[in-house]
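One structure is given here, and the rest of the page talks about it.
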Amino acid sequence: MPLVELRSLAKSFQRDSESIVIFDGLDLEFAEGSFTALMGPSGSGKSTLLNLVAGLDRPTSGTVTVAGAEVSAMNPTELAGWRARHVGFVFQSYNLLPVLTAYQNIELPLLLTRLSKAERHEHVLTALGVVALTDRAEHFPRQLSGGQEQRVAIARALVSDPTIILLDEPTGQLDAKSAAEILALLQRLNKEFHKTILMVTHDPHAAQAASAVLHLDKGVLTP
C-alpha cells in the first residue's frame, strides 16, 4: 500500500468567467519512507499538489488518500485534527511568529494536542536536538540566520512526529551553505528517521538530495 494515493485527481479554479484547470485526472502515489522532489515551471501545479495532500485545499473531483485516510472526504473539523497528527508543512518564508522564541514556535502545533506541558517540553527538546538548535531555544526569529529559521520551521513540522513532511521551496531564500545544511538534514530525516518527504523545488541541486524526482508541467507528469 502506498502512503499517499492520488486517484483521478482534478482541480480547477474559477477566475472571473474563465475556468483554470490545474489537474485533469492525475494518478500518482508515494511510498512510505520515500523522499521525492517535485519540479516544474511556475504554474505547473506543484504547490497546489502539496496543498491537496495536506488537506489545505480540496480537489474538484477524484480522491486524495494518506495512510489509508481519504483526506478529500473529510469535513473541516476532521481535517484540522488529521493535519495536526499527520502533516508537517514547511514553507519557503518560514512562517515563524516573530514575537515567539524558537522553542515557542516549535511548541505551537502541540498546543492543539492533549499532551501535558512536560510532554510538550520533551517533544520540543527532541525536535531542537534533531535540527541541532538546542542552544538557540530562547532566541527570537530576528536573532537567527535564515538557515537557522528554516531549521526551526522544520523542527516545528517534526515536533508532532507526522506521517509525512511537505516542503514548499525550503531552500528558496537561503545561501548555498545554508541550503546544503537543510538538504543534509532532510536526507537524515529520511534515512535515519524514515520520514516520508515530498519537496517542491525549482533548484536542480536541491532536487538531487531526493531519492526520486518528478516533473510536472501544466498539471501533467512529464519524463
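Summary of computed values
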read-out: Segment 96-119 residues that are under 14 Å from Val152 (Cα atoms), paired with ones that are loosely packed, with under 12 Cβ neighbours inside 10 Å and polar (S, T, N, Q) (beta carbon under 9 Å, 6 or more apart); value: none
read-out: Looking only at segment 126-162, and only at residues there that are hydrophobic (A, V, I, L, M, F, W, C) and over 21 Å from the mean Cα position of the chain (by Cα), the one that is farthest from Pro109 (Cα to Cα); value: Leu144
read-out: Residues of segment 13-27 satisfying the condition of being in contact (Cβ under 8 Å) with a residue 24 or more places away in the chain and within 25 Å of Ala80 (Cβ to Cβ); value: Ile22, Phe23
read-out: Residue selected from segment 1-26 under the condition under 13 Å from Thr65 (Cβ atoms) and modelled with pLDDT under 95, by the criterion surrounded by the fewest Cβ atoms within 10 Å (Cβ to Cβ); value: Met1
read-out: Residues located in segment 202-211, provided they are modelled with pLDDT of 95 or more, part of a loop (DSSP other than H, G, I, E, B) and either under 16 Å from the mean Cα position of the chain (by Cα) or among the acidic types (Asp, Glu) (or both); value: Ala209, Ala210
read-out: Pair list, Cβ < 7 Å and 6+ apart or interchain, from segment 208-223 residues that are farther than 12 Å from Pro41 by Cα and loosely packed, with under 14 Cβ neighbours inside 10 Å to residues that are at pLDDT 95 or above and of a type in the set (Ser, Thr, Tyr); value: Ala212/Ser34; Ala212/Thr36
read-out: Selection count, segment 168-207, where residues are over 28 Å from Asp27 (Cα atoms), surrounded by fewer than 20 Cβ atoms within 10 Å (Cβ to Cβ) and of a type in the set (A, V, I, L, M, F, W, C); value: 3
read-out: Lone unmet requirement of (1) of a type in the set (A, V, I, L, M, F, W, C); (2) surrounded by fewer than 19 Cβ atoms within 10 Å (Cβ to Cβ); (3) under 22 Å from Gln187 (Cβ atoms) for Val131; value: (2)
read-out: Residue check, Val71 buried (at least 21 other Cβ atoms within 10 Å of the Cβ) and over 27 Å from Gly146 (Cα atoms); value: yes
read-out: Search result, residues across segment 155-194 that are closer than 17 Å to Leu3 by Cβ and free of Cβ contacts under 8 Å to residues at least 40 places away in the same chain; value: Asp161, Lys191
read-out: Failed item in (1) assigned to a loop (DSSP other than H, G, I, E, B); (2) more than 19 Å from Val213 (Cα to Cα); (3) touching an Asp or Glu at 6+ places or on another chain (Cβ under 9 Å), with Pro2 passing the rest; value: (2)
read-out: So Gly40, is it buried (at least 20 other Cβ atoms within 10 Å of the Cβ), touching a His at 6+ places or on another chain (Cβ under 8 Å) and within 13 Å of Gly219 (Cβ to Cβ); value: yes
read-out: Residue match in segment 145-154 (condition: within 22 Å of Thr48 (Cα to Cα) and in a loop (DSSP other than H, G, I, E, B)); value: no
read-out: Helices (runs of 4 or more DSSP H) wholly inside segment 36-119 containing at least 1 residues that are in contact with a Pro (Cβ under 9 Å, 6 or more places away or on another chain) and closer than 18 Å to Thr196 by Cβ; value: 46-53, 76-86
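The values are calculated or read from the model by the stated rules, or taken from the named source; none is laboratory data. None of the values given here were measured: they were computed from a predicted structure. Heads up, the Cβs are rebuilt from the backbone with ideal geometry, glycines too, and the neighbour counts pull from every protein chain shown.
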